[in-house]
Each structure stands twice: as structure tokens, then as C-alpha cells.
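Read the structure below first, then the notes.
The values are calculated or read from the model by the stated rules, or taken from the named source; none is laboratory data. Remember, predicted model here, so these are calculated numbers, not experimental data. Neighbour counts run over all protein chains shown; Cβ positions are idealised from the backbone, glycine included. Areas reflect the complete protein model, heavy atoms only, side chains present, ligands, DNA and RNA absent. Shrake-Rupley method; radii C 1.70, N 1.55, O 1.52, S 1.80 Å.
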Amino acid sequence: MAETGTGKPLVIIGAGGTGGHMFPAAAFADEMRARGWAVGLMSDARGLRYAENFPADWKEEVRAASPQLKKPWTLPGAALKIWGGISSASKYMKRVKPALVAGFGGYPAFPALMAARRAKVPILIHEQNAVLGRVNRRFAGKASVVASGFERLDKLPGGAAHHPVGNPVRAAIAAKRDVPYPPTDGELTIFITGGSQGAKILGDIIPLAIANHTPPTLRARLKVVQQVREEQMEAVKAVYDKVELHHELKPFFSDMSDRLAAAHLVIARSGAGTVSEIAAVGRPSILIPLKIAMDDHQSANAEALVEAGAADMVVEENLFPNLLGELIKVRMEDGADLKKRADLAKARGSITAASDLADLAEQAAKT
């Protein structure tokens, strides 16, 4: 429950749905608490599953739903959940009287943001992607501040402005920003990571590209570190073993910061967090946007590094082993170009987003 009467100003964070919303919200929460604020979190049951270690003074579950317009028979039930969530969020806010409500996207943020509008509490929006999400889009026009993870922000309502502060990154990632790019005169490491959605295609195509479509002289110098789904592990291992390629395969890497810092090239999806972390550390990349991402926002995210000359983007329709293998060959055989791309990526990266966002939050709370 909320700690009232502490004398601290309170910010309520509305976020949920995925870790992509929760992780930057948690970095922001850490910064606000360090500045003497109390922090509350509102999300639904799914969102709270990502919030076990979320740095909040309290967490409140509210009902939420994502309306499925292609399934109209589900809309009445979704509406009941949403309005129930708004009602409970409104009652809660009357009791705890927040100075600010910060929305980080996802439908679980909707009840907190709607309750804030009803109570005339200032709203801050942070959009992680280069395309404004549906919930953030709904409130952007009435928000005191719209902050964004990228310079580009598509689907921003007319007349609204945004502040491109970047995406808050984890402390472990920020700590690697000053790690120099690895020397390119010995072993070369390719780090391959896929998001929780749609990673199967990466396990199907990338091993074939490296094993069958790069020259033996390059393969002899490569180390492949790859995130692989459990059900693909044996098949991927067999592909690399056949050509005696040095590799390390895991379904999950808990030491992501170390892996990024050690990489000469990163191959990954282009979720907002992934792109921001690659840029923060400063590593060249090949980015493969998730085809089914809403509003094709992963392509928009990737373009931030592509336009800077720091990354290549390969859409799923063009993801063929021979073409990808040729691209990997061209990149990995030119050490000077890899270093240049690493520097260009780092120039687009930031590790001050949480602090910059907190500055905007404190200004909004005073207005």
C-alpha cells in the first residue's frame, strides 16, 4: 500500500505488458527515488510479473486489457476490465494524491493515465520506440511532457512536441560505455541475441549463413556467441560443429553487458531496449526487425543506427543465408570499418536518459 504522510512527493508509474516497458520505467524509478521522491507502480497482473524487483515503495494491481478489434466479440469484456481498472486507479489516486503520473506504454498503463487526467494530475509520457505506441498516442496530446527514446517519433499528434532523451539503460550496460572496442587482429566475436518473440528465424538462418556462406579463413577466426531457443539447441550446435566453428550457445545470457562489450559485431532484433544498449556500449550491428511488430516500429528503431552508418538492417523478407553470410563476411573482414561503426554507434548512444527524464518529470510536477 502507499506510504502517505511521508512528506515526499509521489510519482505513480503506469507501465506493463512486457519487460520492454518495465525496464526503462525501473531505471526512471531508481533515479526519482534517489532524488527524494516516493514511487508507486500501477500495472495489471501480467505487468507485475516483470516487476518483482521494481524499485517502488508500493505496487498496485489494476485491471487492464488490450482491445482486439479483429475479434469484436471480446470487446465488451475488455471494456469492463478497462473501466474497472480506471475506477480502482481513480479511487487510489484520491487517497495518495500523486504529484505526477508517468506512463511508459502498454495497455496496463491506461488506467493510471486516465485516472490522472480525471484528477488533473500532470502526466509525463515516455515512448521507448521510434513510433508512438497506442496508449501513449492516446494521452500524448494532453501530457505535460512527451519524452522519447529516439530523435524520430512517428505518429505524434499534431501540435505536440517531444523531448528525445533516449532510453534509460541498465546500470550494468552503462558501466561498459568506456570499454574500448576489442582489437581486430585476432579472434573475432559475433554476439547473436533474439527477443522473446520471433527468435526462431534467427536460429534457423544465422547459423547457416555463418557456417555455409563465409570463407574458411574467416570462420577459423570466429567465435559465435548465440542465444538459442531450447528446442533449436541441438540443431544449431550441429551446424557449427560440422564446420568446427568455435561457439557458445545458451537460451539466455544473464551477463548481457559483458557479452556486448566483448563483441566485434552484434546481430539482433531491433527492439528499443536492444538498439539503445548497443548504442550505449558502442558496437556495430546487423539488425533484423520483428516483422509483426506493431506499426513496424522495430524498423523505425533500427533506422536510427542505420542512418548513422553504425548498423545494417535486414528485413525478414530478405533474410536468406547466402545474402546474410555475404554481409557478415564484408563486415568482419574489415577491422577498420568495424571500429568506425562502433564509434558511430556510441555517438548515438546515451547513459544519461534516466537523469534527463527525471529533470523533465520534476519540471512537469511544478507546472
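Observations
- Across the stretch 54-64, the number of residues qualifying as at pLDDT below 85 and not basic (Lys, Arg) comes to 1.
- Screening residue 204 against (1) open to solvent by 30 Å² or more (accessible area, probe 1.4 Å); (2) within 30 Å of residue 360 (Cβ to Cβ) leaves a single unmet condition, (2).
- Test result for residue 164, under 30 Å from residue 261 (Cα atoms) and at pLDDT below 95: no
- Condition broken by residue 317, with the remaining ones in (1) over 17 Å from residue 184 (Cα atoms); (2) surrounded by 16 or more Cβ atoms within 10 Å (Cβ to Cβ) satisfied: (2)
Okay, residues lined up against (1) assigned to a helix (DSSP H, G or I); (2) touching a Pro at 6+ places or on another chain (Cβ under 9 Å); (3) open to solvent by 40 Å² or more (accessible area, probe 1.4 Å):
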residue	(1), (2), (3)
292	no, no, yes
330	yes, no, yes
342	yes, yes, no
346	yes, no, yes
362	yes, yes, yes
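- Output for the stretch 24-53, where each listed residue is open to solvent by 10 Å² or more (accessible area, probe 1.4 Å), modelled with pLDDT under 95 and part of a loop (DSSP other than H, G, I, E, B): 44, 49, 50, 52, 53
- Residue list for the stretch 262-277, restricted to those being closer than 16 Å to residue 227 by Cα and of a type in the set (A, V, I, L, M, F, W, C): 262, 263, 265, 266, 267, 268
- Residue in the stretch 74-89 that is out of contact with any strand residue (DSSP E or B) (no Cβ under 9 Å at 6 or more places or on another chain) and at pLDDT 85 or above present: yes
- Of the residues screened, residue 160 is not one that is surrounded by fewer than 23 Cβ atoms within 10 Å (Cβ to Cβ) and closer than 20 Å to residue 28 by Cβ.
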